[in-house]
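This report refers to the structure that appears directly beneath it.
Bear in mind these aren't lab numbers, they're just calculated from the coordinates by the rules spelled out. Computed from a prediction, not measured in an experiment: that's the story for all the values here. Cβ coordinates were reconstructed from backbone atoms using ideal geometry, including for glycine residues, and neighbour counts include every protein chain displayed.
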Amino acid sequence: MKQWCLLILSVVLLPSLVCADTAKAKLSSQPAQDSSKNATVEAARLRKEFVKRYEISLLKSGYDVYLGIQGKDNTVLYFRSRIIDRPFADQIINDAALFKTLRNLGFKMLILTDGFNKLWSLKVN
């Protein structure tokens with residue numbers, strides 16, 4: 001089960017990593033005269049776009065998940081699914097590629113929940 005989940009997450013994350021690198025390049029290529037507010041709005045938009053693509057990728061891979069963003073400037077990734085249990089949360093927590101992608105996009109926190117009584121809250125930085 002553990003190897004299967006890691007394989008699926010790796011396959012799903014490959015397009016996401018490309019998206020994160022593209023997003024980082026877009027952010028770094030903005031002219032210096034842009035205000036920080038415009039940069040913040042653009043970064044929040046890129047995070048929202050990433051979450052939408054990531055959720056679609058997971059759904060196409062057979063995962064029944066709901067992803068959302070919360071917090072100021074969309075910096076909290078909210079991951080809700082019935083399949084979240086301790087082993088699954090452990091895989092996510094130890095997925096260096098996922099955390100690198102989230103850091104590159106400017107996420108500050110990841111929340112995993114089964115929607116009932118299990119919840120993990122992790123700082124991305």
| field | Extension gain from residue 100 to residue 70, taking 0.36 nm per residue of separation minus the Cα-Cα distance | value | 8.9 nm
| field | Estimated inter-spin distance, residue 108 and residue 36, nm [label 7 Å along Cα→Cβ] | value | 1.3
| field | Efficiency of FRET between residue 90 and residue 49 - r from beta-carbon atoms, R0 35 angstrom, step 0.05 | value | 0.80
| task | Would you mind ranking 63, 54 by Cβ crowding within 10 Å, fewest neighbours first? | result | 63, 54
| field | FRET efficiency, residue 121 to residue 59 (Cβ-Cβ, R0 25 Å, nearest 0.05) | value | 0.60
